[in-house]
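Asker: Shown below is the structure under consideration.
The values are calculated or read from the model by the stated rules, or taken from the named source; none is laboratory data. What you are looking at is a predicted structure, and each value in this text was computed from that prediction instead of being measured. Please note: Cβ atoms are built from the backbone with ideal geometry, for glycine as well, and neighbour counts cover all protein chains shown.
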């Protein structure tokens with residue numbers, strides 16, 4: 001498999017004796033680490049760390065390639081550019097629509113609490129490496145991230161949620177739920193506003209779940 005332009009394979013350079021008699025080996029050419037079957041996972045993990053710590057604009061392909069132990073040309077071969085790598089790094093390890101279907105199966109009563117409890121558990125386990133947290137952080141300064149966050153929220157959360165409601169204003173209700181969730185991610189995991197940032201789940205649920213439930217089933221006029 002090629003990671004870039006086809007080039008003749010370099011001839012193996014013989015080992016040589018240095019002036020001090022030490023036998024040395026020519027340095028290995030950059031590229032895929034030998035025997036690294038999980039190279040893609042290493043690259044995406046390095047990308048998530050870079051986007052999390054520095055944001056989209058400051059993260060560089062050079063840094064990500066170095067952290068993953070691969071050649072920068074390999075990243076361009078597979079992902080074209082930083083935007084392509086960013087999109088790949090945001091892949092979700094779970095099917096959110098299936099999760100929401102399960103949450104909705106419990107009925108509309110208590111749905112706000114069930115949703116919030118599930119998302120808090122996911123966010124706290126992943127912390128800064130959560131795709132949602134990375135998207136919210138990057139969306140502040142990067143147009144592509146803003147678009148991706150909007151599409152992520154609409155397709156993965158708001159769309160299925162609105163489809164399950166039986167009210168004329170269901171799109172508005174779903175978008176209000178989305179605004180509450182994005183705001184919570186920003187305050188708790190990115191800006192880290194205290195004491196919200198370190199509050200336990202039950203405290204957050206007691207304060208926020210009733211608002212979510214009102215958006216879902218209560219009066220919003």
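Asker: Given the conditions (1) within 16 Å of the chain's Cα centre (by Cα); (2) crowded, with 21+ Cβ neighbours inside 10 Å; (3) not assigned by TED's automatic domain parsing to the domain that holds residue 50, which single one is not true for residue 112?
Answerer: Only one criterion in (1) within 16 Å of the chain's Cα centre (by Cα); (2) crowded, with 21+ Cβ neighbours inside 10 Å; (3) not assigned by TED's automatic domain parsing to the domain that holds residue 50 is unmet by residue 112, namely (1).
Asker: With (1) in contact with a helix residue (DSSP H, G or I) (Cβ under 6 Å, 6 or more places away or on another chain); (2) at pLDDT 85 or above; (3) more than 25 Å from residue 95 (Cβ to Cβ) as the list, and residue 192 as the residue in question, which single condition is left unmet?
Answerer: Condition not satisfied by residue 192: (1).
Asker: Quick check: anything in the stretch 85-95 modelled with pLDDT of 85 or more, in contact with a helix residue (DSSP H, G or I) (Cβ under 9 Å, 6 or more places away or on another chain) and more than 28 Å from residue 199 (Cα to Cα)?
Answerer: Residues of the stretch 85-95 that are modelled with pLDDT of 85 or more, as a first pass: 85.
If we keep only those that are in contact with a helix residue (DSSP H, G or I) (Cβ under 9 Å, 6 or more places away or on another chain) as well, we get 85.
Pick out the ones that are also more than 28 Å from residue 199 (Cα to Cα) and you get 85.
The answer is yes, given that some residue of the stretch 85-95 is modelled with pLDDT of 85 or more, in contact with a helix residue (DSSP H, G or I) (Cβ under 9 Å, 6 or more places away or on another chain) and more than 28 Å from residue 199 (Cα to Cα).
Asker: Counting only residues that are within 18 Å of the chain's Cα centre (by Cα) and surrounded by fewer than 15 Cβ atoms within 10 Å (Cβ to Cβ), how many does the stretch 58-87 have?
Answerer: Count: 6.
Asker: While we're here: Which of the residues spanning the stretch 158-189 are in a loop (DSSP other than H, G, I, E, B) and either surrounded by fewer than 12 Cβ atoms within 10 Å (Cβ to Cβ) or touching a helix residue (DSSP H, G or I) at 6+ places or on another chain (Cβ under 9 Å) (or both)?
Answerer: Taking the stretch 158-189 and keeping what is in a loop (DSSP other than H, G, I, E, B), we get 165-169.
Within the stretch 158-189, 165, 166, 167, 168 meet the criteria.
Asker: To continue, here is another question. Every residue in the stretch 79-95 that is in a helix (DSSP H, G or I) and touching a residue at least 12 places away in the same chain (Cβ under 8 Å), please. Explain how you work it out, then say what you get.
Answerer: Within the stretch 79-95, the subset in a helix (DSSP H, G or I) is 79, 82-89.
Residues satisfying the conditions are 82, 83, 85, 86, 87, 88, 89.
Asker: Moving on to the next point. Examine the stretch 46-62 for a residue that is out of contact with any strand residue (DSSP E or B) (no Cβ under 6 Å at 6 or more places or on another chain), under 19 Å from residue 156 (Cα atoms) and either outside the structural domain of residue 166 (by TED's automatic domain parsing) or part of a helix (DSSP H, G or I) (or both), and state whether such a residue exists.
Answerer: So far as the stretch 46-62 goes, no, none of its residues is out of contact with any strand residue (DSSP E or B) (no Cβ under 6 Å at 6 or more places or on another chain), under 19 Å from residue 156 (Cα atoms) and either outside the structural domain of residue 166 (by TED's automatic domain parsing) or part of a helix (DSSP H, G or I) (or both).
Asker: Against the conditions (1) touching a residue at least 60 places away in the same chain (Cβ under 8 Å); (2) at negative phi, where does residue 60 fall short? Just the number, please.
Answerer: Status for residue 60: all satisfied but (1).
Asker: Output the residue which, of all residues in the stretch 104-147 that are outside any helix (DSSP H, G or I) and closer than 24 Å to residue 207 by Cβ, is modelled with the lowest pLDDT.
Answerer: The residue in question is 130.
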